[in-house]
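Some notes on the structure that comes next.
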Amino acid sequence: MALPLQFKTSFLPLEINFLAENELITILPRVSMKSVELIGTNLPNLNAMRRQEIPLWLALILKAQDKCQIIPPIWLNVAYLKARYDEELEFPNRFSSLPWHWLELSKMLLTKASDDLTDAPHLIRSIIQDLREVRLVKSRKGLKELNEAYLQLDNLSLMEINEIRPYVAEVMDELKKLSDCVKKDDSMDMETNDYEEDENY
Amino acid sequence: MGNYYDLDDIIADNQKLPCKFNVTVPGLGYLEGNIGQPLDANTKLNLPLWLSSVLAICEVSQDSQTTFLDLIHPEFFNNKVINAIRANAVNIDLHSILPNYYKLCEKWCVMFSDVELIEVVSQMLKERSNEINDYGQNPKQISSMAGNKFLYSLDEFEKRLYKISTESHKLSKEWFHNQD
């Protein structure tokens, strides 16, 4: 296919951002609204000043029209993120547990609903930047142990995996091709395990 | 084996390998410049891989063991190169040794199953790909002297890897710093 290379090897960050918009988030509506039936998630009835979980994309639209207030997720504050950051430093061999979409959600909330956050946006932004960098360094260190069959990515989020995926997939492919050259006969029963990607941390 | 549409694969197939004829072939003398003459047994010639690999496997006739020719260990897989790779995989100029080193190594090892060579080359790939990824994360460094030299020493597969890795890191970084 005549797609550009980066479209073929992984998702674009924008596409992952789009996927993250379907995550549910709690809001405090200021208006009432009837439920809407959609092909994907149905939108529930909204009652003014009654907490409700709705997809993020809708929450952001309502927020832009000033019809709701977004309750930030429990992990999106300086104290929680700082604890995770300390954890990253304390255990150099594993990643701390953060939501699957933490980078995307935090970015969207910081840019479009910064007045609803509990802490000052610039503080959250800088701690998120720190977290991203420390995890990037760690994953780089982990990739030194790359081999042809096995890569464990515990606690890495979708965006972070997506960033290293093209590189990792390509190198593992080539390593596999190389090792297959010399073990032709006994490779048949090993083949079933090829799709599990793991890495030892 | 090999991807039909992969241009690098075709180029790798065209790499000339030294080989030695086991039989005298009438009329093939033009390969070494003697037009119309037979090609003598024990002549050494460089033939492309796609041709020599077949002739090295095919027996002359059904009941004889001799093949048309024997492949000679090529110089890019000899001890000197292997030792250089062992000593310092990152700084070796792979592109000038062979632009499709990994591809050719695969093809060679499928025929001769050279376990030691595969081990050395896999280790080299690990070390060099790490370096490639580091440059991919810091695109500014590649324009330095060392970076430039490293880029020119990459084999075709590694160049592709570098491109992919840089692109992916660039897109992520752009997305992360873009505030709208």
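The values are calculated or read from the model by the stated rules, or taken from the named source; none is laboratory data. Predicted, not measured: the structure shown is a model, and the values here were computed from it. Note: ideal-geometry Cβ built from the backbone for every residue, glycine included; neighbour counts use all protein chains shown.
Overview of values
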{"read-out": "Unique match (being of a type in the set (Gly, Ala, Ser) and within 13 Å of chain B (Cβ to nearest Cβ)) among A:113, A:169, A:120", "value": "A:169"}
{"read-out": "Conditions (1) within 19 Å of residue A:100 (Cβ to Cβ); (2) out of contact with any Cys (no Cβ under 7 Å at 6 or more places or on another chain); (3) buried (at least 16 other Cβ atoms within 10 Å of the Cβ): number failed by residue A:63", "value": "(1)"}
{"read-out": "Qualifying residue in the stretch B:102-114 (condition: away from chain A (no Cβ under 14 Å) and surrounded by fewer than 21 Cβ atoms within 10 Å (Cβ to Cβ))", "value": "no"}
{"read-out": "Residue match in the stretch B:22-33 (condition: surrounded by 13 or more Cβ atoms within 10 Å (Cβ to Cβ), farther than 16 Å from residue B:100 by Cα and among the aromatic types (Phe, Trp, Tyr))", "value": "no"}
{"read-out": "Selected residue (criterion: farthest from the chain's Cα centre (by Cα)) from residues of the stretch B:13-69 that are in a loop (DSSP other than H, G, I, E, B) and among the acidic types (Asp, Glu)", "value": "B:63"}
{"read-out": "Filtered residues of the stretch B:126-150 (kept if within 8 Å of chain A (Cβ to nearest Cβ) and basic (Lys, Arg))", "value": "B:126"}
{"read-out": "Verdict on residue B:151 being closer than 23 Å to residue A:181 by Cα and in contact with a Phe, Trp or Tyr (Cβ under 8 Å, 6 or more places away or on another chain)", "value": "no"}
{"read-out": "Residue that is facing chain A (nearest Cβ under 10 Å), part of a helix (DSSP H, G or I) and more than 28 Å from residue A:150 (Cα to Cα), where the choices are B:176, B:157", "value": "B:176"}
{"read-out": "All positions within the stretch B:125-154 that are more than 27 Å from the chain's Cα centre (by Cα) and outside any helix (DSSP H, G or I)", "value": "B:138, B:144"}
{"read-out": "Every residue from the stretch B:148-162 that is out of contact with any Asp or Glu (no Cβ under 9 Å at 6 or more places or on another chain) and crowded, with 16+ Cβ neighbours inside 10 Å", "value": "B:151, B:154, B:155, B:158, B:159, B:162"}
{"read-out": "Every residue from the stretch A:127-142 that is of a type in the set (A, V, I, L, M, F, W, C) and facing another protein chain (nearest Cβ under 8 Å)", "value": "A:136"}
{"read-out": "Residue that is nearest to residue B:161 (Cα to Cα) [pool: residues in the stretch B:78-121 that are part of a helix (DSSP H, G or I), charged (D, E, K, R) and in contact (Cβ under 8 Å) with a residue 40 or more places away in the chain]", "value": "B:103"}
{"read-out": "Some residue of the stretch A:83-105 being surrounded by fewer than 21 Cβ atoms within 10 Å (Cβ to Cβ), more than 30 Å from residue A:143 (Cβ to Cβ) and assigned by the TED database to the domain that holds residue A:137", "value": "no"}
{"read-out": "Some residue of the stretch A:143-154 being surrounded by fewer than 18 Cβ atoms within 10 Å (Cβ to Cβ), under 27 Å from the mean Cα position of the chain (by Cα) and facing chain B (nearest Cβ under 7 Å)", "value": "yes"}
{"read-out": "Pick from the stretch A:94-131, criterion of a type in the set (Gly, Ala, Ser) and outside any loop (DSSP other than H, G, I, E, B), ranking: modelled with the lowest pLDDT", "value": "A:114"}
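Rundown of residues vs (1) in contact (Cβ under 8 Å) with a residue 12 or more places away in the chain; (2) of a type outside the set (Ser, Thr, Tyr); (3) out of contact with any Leu (no Cβ under 8 Å at 6 or more places or on another chain), yes/no style:
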{"site": "B:125", "(1), (2), (3)": "yes, yes, no"}
{"site": "B:137", "(1), (2), (3)": "yes, yes, no"}
{"site": "B:140", "(1), (2), (3)": "no, yes, yes"}
{"site": "B:145", "(1), (2), (3)": "no, yes, yes"}
{"site": "B:148", "(1), (2), (3)": "no, yes, yes"}
{"site": "B:157", "(1), (2), (3)": "yes, yes, yes"}
{"site": "B:163", "(1), (2), (3)": "no, yes, no"}
{"site": "B:167", "(1), (2), (3)": "no, yes, no"}
